[in-house]
Structures are given as structure tokens and as C-alpha cells.
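Let me begin by presenting the structure, written as C-alpha cells, before commenting on it.
The values are calculated or read from the model by the stated rules, or taken from the named source; none is laboratory data. Given the structure is predicted, the values throughout are model-derived calculations rather than measurements. Here Cβ is always computed from backbone atoms with ideal geometry, including for glycine, and neighbour counts include all displayed protein chains. We work out accessible area using only protein heavy atoms, side chains counted, and drop any ligands, DNA or RNA first. Shrake-Rupley method; radii C 1.70, N 1.55, O 1.52, S 1.80 Å.
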Amino acid sequence: MDRKKVISKITIFLMILSFVVLSSKSSLYSYTQENDFTFNVMAPLHVDDWSKFEYELAMAKDIGVDAVSVDVWWGDVEKNDNQFNWDYYDQVFKKIKEAGLKIVPIMSFHQCGGNVGDSYNSYLPNWIWDKYNGKKYMKKTLNYDDLKYKSELGNTSAEYLSLWVDDLVSNEYIDFMNAFEEHFKEYKDDFIEINISCGPAGELRYPSYNAHDNNNFYSGFPNKGYLQCYSDLAQEDFRKYILEKYKNLQGVNKAWGLNLNNTKEITPPMDGGNFFYGEGKAYLNSSYGKDFIEWYNKRLVNHGRNMITYALKAFDDELSNVQLGIKIPGIHWQINNGNYPRTAEINAGIINTDFSEQNGYGYNPIMHMIKDFNGKVVLHFTCLEMNNGSGGEYTSAAKTLVRWVGNAASNNGVEIKGENALNAGNDDKQFWDNIKDALDNYHYKGITILRMNDAVYGDSNKYYHELINSKKLNVNNKVSITFRVNNAHTIFGEEIYVVGNHSQLGNWDPNKAVKLFAYKYPSWTVTVDGFEKGSNIEFKFIKKSKNGLEWENIEDNRMYNVNSEVGEYVTDWNEKR
């Protein structure tokens with residue numbers, strides 16, 4: 001045989017062998033996620049109590065969480081144009097990394113404050129409005145409101161820059177992300193994804209149900225909300241789009257069956273209530289309605305494309321291999337409105353009027369846009385925890401919507417992951433059963449729980465741990481055991497520990513005992529990895545403080561036989577099971 005060929009084959013064999021060896025040595029845990037499922041939590045909107053943050057990170061790590069998503073607020077970092085202060089995020093990312101968790105930074109170009117669950121305020125940087133006020137753009141001298149979405153009521157939203165100024169302000173987004181990459185390039189192996197804010201609340205949508213239109217007839221849940229395309233720039237764009245489609249006013253009149261006298265009469269609906277709820281249901285049945293909604297949806301989808309493109313342009317060096325993500329909201333209400341279906345989603349811009357399965361129930365335009373990036377972008381979708389009829393609203397079809405969007409993503413080859421929409425109900429088993437159903441049956445490859453404190457305390461701690469374990473595969477015959485002890489009351493300064501006859505439990509040395517977390521005081525928990533399947537464990541719980549230690553008052557040691565893939569031992573303090 002040719003000597004060069006022999007050397008080549010030996011080289012390939014050694015490379016494969018070294019990869020296998022390195023892979024086995026790098027496995028720190030007994031389990032790996034099935035099919036690359038990810039289980040994440042959201043950090044607080046802003047960390048004020050660092051000790052509490054560290055404790056909750058440790059709890060998240062204990063139940064098997066992979067990563068923590070963190071809003072990187074534009075308004076906090078860049079208070080002056082092109083002057084960036086990353087000090088706060090230096091500390092946040094350092095704490096997460098020290099806890100052994102990965103990070104999902106969110107490029108939060110949206111406002112914090114004014115949305116459901118917001119407990120912190122961070123507004124868009126003040127300089128952005130002044131910088132572009134008075135500038136010429138699209139043959140118009142801009143004012144402050146031209147950078148904002150404007151609703152059919154005439155109200156403006158300052159929560160996110162209008163998509164109709166994307167071309168004008170693109171460098172602001174790119175500069176921010178460039179600066180982020182330069183400052184945090186050393187974290188390239190710690191970032192498992194970078195999420196890009198594409199609208200209010202970080203979601204790809206119009207602010208159709210946001211605070212600027214509050215206290216009106218169609219405001220908020222469970223109503224349709226309001227259209228958001230009434231700025232001068234938006235209306236001129238609609239007029240231009242329609243004239244390009246039909247060539248001239250005569251073509252428009254013929255297509256729409258109208259008799260317009262001037263191109264200025266080509267406008268978005270001036271009476272949104274009648275457009276959706278009038279006798280003819282113009283939004284579904286008229287050529288004008290279909291053209292308008294097609295344009296409204298296309299412009300939002302193109303904005304998503306723009307934001308991803310800006311991110312790719314900015315993250316072109318050390319962070320170029322990090323996956324990107326965007327989020328769309330689970331607008332689950334008004335779906336089961338038999339007479340006027342899907343109006344809330346339409347007002348938010350996330351679907352068109354082709355509700356067919358072939359069109360992904362209206363979501364295919366978004367899916368096609370994401371697919372164009374060839375696997376670089378993950379889609380996140382909210383409301384995985386909800387049932388149909390959520391909140392007692394008969395038009396809600398949350399669970400149905402989760403299935404629709406999951407199937408639409410799968411049919412288009414788009415990777416999709418989920419979130420819960422509201423940080424409430426986490427201690428309800430149905431909350432977690434709904435999430436598991438989405439992961440098991442509707443193609444969702446991960447979940448992010450809103451927020452970390454909601455995931456690690458209370459019954460959520462147990463339910464999330466069980467969900468994570470259900471999606472793990474045993475890779476080295478090692479077993480993890482979760483110890484839970486209830487009614488373990490302590491005084492100030494005391495902590496609960498577990499100690500036993502195994503090296504993982506300190507070999508009966510109280511100084512090497514494993515500390516438990518107070519997840520639902522006086523209930524405590526900890527998960528310990530590395531037990532051999534088939535082994536017998538003896539252990540006890542103890543209380544420790546700087547003043548000494550107290551052993552459980554039970555005669556014999558506790559016993560546990562490691563006979564399953566994932567073990568759990570639940571008991572009460574001082575009661576032998």
C-alpha cells in the first residue's frame with residue numbers, strides 16, 4: 001500500500017480517537033440533553049440584590065438549567081451617543097459564568113416599563129430623539145414622533161423605534177452590537193445564543209396592545225388592539241406600495257372597486273372598528289383589506305430581516321459563531337372568535353389573512369424569513385404554559401396556537417423554542433404539563449422560564465427539575481439523586497446539609513457535606529451527581545451554622561438504593577421513611 005495513504009489513514013484514525021476521548025473527558029455531568037434541548041431561565045429585569053442573585057443562580061444550576069437570558073438594555077448602556085458603559089453587565093455575566101451556567105444576552109432595543117410584569121424602567125436613550133429631529137429623510141423633515149409608531153387613534157409609542165426608520169437608524173443598532181462584541185469577546189464560548197429585540201417587549205410585533213393606547217374601546221387583552229401605521233412615513237410607504245403593485249390610481253380603483261380621485265386617498269383604514277367589524281368584514285373579504293394586511297405584515301417581517309442582518313453585520317468577529325434568536329408573541333386571544341377571527345394577531349402584524357395550514361396558519365411569512373438565514377436564527381414563541389380559554393376568555397386558543405406555530409416552524413425547517421407568557425401559575429402542575437406537551441409533540445427544542453426566581457422557588461423547582469430530567473439521556477451510567485427534606489425549620493444562620501457514606505456526600509465528614517437550597521421554606525432540596533447505578537447510599541441530614549451542627553434525631557441512617565436513571569428521595573426532618 002502507498003506509504004502516504006497509510007499515514008493519511010492513521011492520521012484520520014487518531015483524530016477520530018482523540019475527539020472521542022476528549023468528548024468523554026469533557027462530560028462533567030451524568031446526563032446530556034436529548035437532541036440538544038435547552039432549559040433556560042430569564043434573569044431579573046435588573047439585579048439589585050447580588051446575594052439573592054447568586055443564590056438563585058446556584059439553585060438554577062442545581063435543577064439542571066443550562067443558561068440565563070439577560071436583557072442588555074440599550075437605554076442603560078448607551079446614555080450618550082457612542083459612549084458605552086458595560087460595568088453592570090460585567091458583573092452580571094461574571095456571576096452567571098461563576099455559577100457554571102451559559103448566557104443568552106438579549107440586545108434589548110426596546111423600553112422596559114409599561115408591559116405586563118415589568119418591575120424596572122429603562123427607556124430608549126434620550127439622545128436618539130434629538131439626533132434625528134429636524135433631519136431630512138424620505139423627502140420629509142423629521143420630528144420626534146416620526147421615529148415612533150403612531151396608532152389609528154393618533155397616539156405615539158416611544159417603546160421601540162418605528163420600523164419605517166430602519167434604514168435611517170441602522171447604524172445605531174450596529175454600533176451598539178459592535179461595541180458589545182468588542183467588550184465581551186472573551187465570553188464567546190459562554191454565549192449559547194444572542195437574542196435580538198425586534199419590537200416592544202423584545203418581540204417581533206407592532207405595539208398594538210401597548211400602554212399608549214390604553215383605556216380605549218379596543219385596548220389590550222382580550223381585544224383586537226389598534227393598528228400602528230399612521231405616521232407620515234408609514235402612510236407614504238403604504239401609498240407607494242399600492243401604486244407600485246397596481247401601476248396607477250386607475251389600477252387601484254379597478255382592483256379595489258372604488259372611485260378614488262387622488263392618490264392621497266390611498267390610506268390605511270381610517271376607521272379600524274368598521275374595517276374589522278363592519279358588515280362586510282373588509283379585513284377578510286375586500287381586495288383593499290387583503291392588500292393592506294399583506295403590506296402591514298410584510299413590513300413587519302422585513303423589519304425582522306433587517307434586525308437579523310444588522311446583527312450579522314455587527315457580530316462578524318469573535319461572536320460570529322454564536323447563534324442568533326428572535327421572539328414572536330403568543331397572541332392567543334380572538335382566535336376562536338367565529339365571526340371575526342384572528343384580529344388581535346393581525347393588528348400586531350404577525351400574520352396575514354391566509355389562515356390555511358399550507359400557509360402555517362398565517363405564520364409562514366415569518367417562517368420563510370427566518371429560514372432564509374440557513375439555521376443561523378432560532379425562533380422563540382411564548383404562551384407554552386397556557387390552555388385554550390386562558391384567563392376565562394372564550395376566544396383564547398393558546399394551546400392550539402402553540403401547536404400551529406410549532407408545526408409551521410417544523411414544516412419550514414425552522415428551529416423553535418418556547419417561553420411562558422406570564423410569570424404566574426408556575427406552581428400549578430398543568431402549567432408544566434402544557435410545556436412538556438409542546439416539547440414532546442410540537443417540535444419545540446427548549447424552554448425559557450420567566451423568571452429565574454419563579455422557576456427555582458416553590459413547586460416550580462420540583463416541576464422544572466422533573467421536566468429537565470425527562471429530556472436527559474444517561475451517557476455514562478452515573479445517576480443523579482435529588483434530596484428533598486420538608487419541615488426542616490432553622491434559626492438565623494443555620495443551613496441544611498446532607499452527608500453520607502459516598503464521596504459525593506462527604507464520606508460522613510460534616511465539613512464536606514452538601515448544602516441544600518430553601519426552595520419552599522421549610523422545604524429544602526439539592527441534586528447530587530455521580531452515583532453508580534446499583535449502589536446503596538446511607539446518609540442523614542444535618543443543620544450547620546457557625547455555632548456548630550445538629551444531626552437528625554433518628555436512630556438509623558437513611559438508606560437509598562440507586563436503581564433508576566434519575567433518583568429522588570423525599571422525606572421530613574427527623575422522620576425515618
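Restricting attention to segment 261-286, the residues that are polar (S, T, N, Q), in a helix (DSSP H, G or I) and open to solvent by 80 Å² or more (accessible area, probe 1.4 Å) total 2.
Looking across segment 379-414, just one residue is touching a helix residue (DSSP H, G or I) at 6+ places or on another chain (Cβ under 7 Å) and at pLDDT below 95, and that is SER390. Tell me whether segment 312-326 contains one or more residues that are surrounded by fewer than 21 Cβ atoms within 10 Å (Cβ to Cβ) and part of a helix (DSSP H, G or I). So far as segment 312-326 goes, yes, one or more of its residues are surrounded by fewer than 21 Cβ atoms within 10 Å (Cβ to Cβ) and part of a helix (DSSP H, G or I). Look at (1) open to solvent by 30 Å² or more (accessible area, probe 1.4 Å); (2) modelled with pLDDT of 95 or more; (3) over 17 Å from the mean Cα position of the chain (by Cα); (4) under 28 Å from PHE53 (Cα atoms) and you find that ASN441 fails only one, number (4). For segment 58-109, the tally of residues that are among the aliphatic types (A, V, I, L, M) and over 24 Å from ASP175 (Cα atoms) stands at 10. If the condition is being among the acidic types (Asp, Glu) and either open to solvent by less than 40 Å² (accessible area, probe 1.4 Å) or not assigned by the TED database to the domain that holds GLU385 (or both), then segment 328-359 contributes only GLU345. Residues being touching a helix residue (DSSP H, G or I) at 6+ places or on another chain (Cβ under 9 Å), farther than 19 Å from ASP49 by Cβ and assigned to a helix (DSSP H, G or I) are represented in segment 76-90 by at least one member.
Scanning segment 135-158 for residues that are of a type in the set (D, E, K, R), in contact (Cβ under 8 Å) with a residue 24 or more places away in the chain, over 14 Å from ALA211 (Cα atoms) and open to solvent by 50 Å² or more (accessible area, probe 1.4 Å) returns LYS135, ASP145.
Report whether or not GLU419 is of a type in the set (Asp, Glu) and touching a helix residue (DSSP H, G or I) at 6+ places or on another chain (Cβ under 6 Å). Taking the combined requirement at face value, the residue does not satisfy it.
Only one of the listed residues (GLU172, GLU186) is charged (D, E, K, R) and open to solvent by 10 Å² or more (accessible area, probe 1.4 Å). That residue is GLU186. So is LYS97 within 30 Å of VAL479 (Cα to Cα) and in the same structural domain as PRO207 (by the TED database) or not? Taking the combined requirement at face value, the residue satisfies it.
Restricting attention to segment 213-260, report how many residues are basic (Lys, Arg) and part of a loop (DSSP other than H, G, I, E, B). The total comes to 2. Residue check: THR448 meets all listed conditions (1) free of Cβ contacts under 8 Å to residues at least 40 places away in the same chain; (2) surrounded by 21 or more Cβ atoms within 10 Å (Cβ to Cβ) but one, namely (1). Restricting attention to segment 537-548 and to residues that are in contact (Cβ under 8 Å) with a residue 40 or more places away in the chain and open to solvent by 50 Å² or more (accessible area, probe 1.4 Å), the residue that is farthest from HIS465 (Cα to Cα) turns out to be ASN547. Does TYR132 qualify as being in contact with a helix residue (DSSP H, G or I) (Cβ under 7 Å, 6 or more places away or on another chain), more than 20 Å from ASN216 (Cβ to Cβ) and open to solvent by 60 Å² or more (accessible area, probe 1.4 Å)? It is false that TYR132 is in contact with a helix residue (DSSP H, G or I) (Cβ under 7 Å, 6 or more places away or on another chain), more than 20 Å from ASN216 (Cβ to Cβ) and open to solvent by 60 Å² or more (accessible area, probe 1.4 Å).
Any residue at all in segment 372-386 that's within 14 Å of CYS198 (Cβ to Cβ), surrounded by fewer than 21 Cβ atoms within 10 Å (Cβ to Cβ), of a type outside the set (Lys, Arg) and touching a residue at least 12 places away in the same chain (Cβ under 8 Å)? Among the residues of segment 372-386, at least one is within 14 Å of CYS198 (Cβ to Cβ), surrounded by fewer than 21 Cβ atoms within 10 Å (Cβ to Cβ), of a type outside the set (Lys, Arg) and touching a residue at least 12 places away in the same chain (Cβ under 8 Å), which makes the answer yes.
For segment 98-129, the set of residues classified as open to solvent by 40 Å² or more (accessible area, probe 1.4 Å) and either touching a residue at least 60 places away in the same chain (Cβ under 8 Å) or among the charged types (D, E, K, R) (or both) consists of GLU98, LYS102, GLY114, VAL116, GLY117, ASP118, SER119, TYR120, listed by residue number.
Can you confirm whether SER535 is at pLDDT below 95 and within 38 Å of the chain's Cα centre (by Cα)? For SER535, the condition - at pLDDT below 95 and within 38 Å of the chain's Cα centre (by Cα) - is not met.
Only strands (runs of 3 or more DSSP E) whose full extent lies in segment 361-463 are considered here, and the ones with at least 1 residues that are over 13 Å from ILE328 (Cβ atoms) and among the aliphatic types (A, V, I, L, M) are 444-449. If the condition is being in contact (Cβ under 8 Å) with a residue 24 or more places away in the chain, under 24 Å from GLU265 (Cα atoms) and open to solvent by 40 Å² or more (accessible area, probe 1.4 Å), then segment 208-240 contributes ASP232, GLU236. If you check TYR457, TYR521 for being free of Cβ contacts under 8 Å to residues at least 24 places away in the same chain and surrounded by fewer than 20 Cβ atoms within 10 Å (Cβ to Cβ), only one passes: TYR521.
Considering only residues that are within 16 Å of the chain's Cα centre (by Cα) and not aliphatic (A, V, I, L, M), look in segment 444-463 and name the one that is farthest from ASN563 (Cα to Cα). Out of the qualifying residues, it is ARG451. Under the condition of being in contact with a Phe, Trp or Tyr (Cβ under 7 Å, 6 or more places away or on another chain) and either of a type in the set (Lys, Arg) or outside the structural domain of SER197 (by the TED database) (or both), the residues counted in segment 132-185 number 1.
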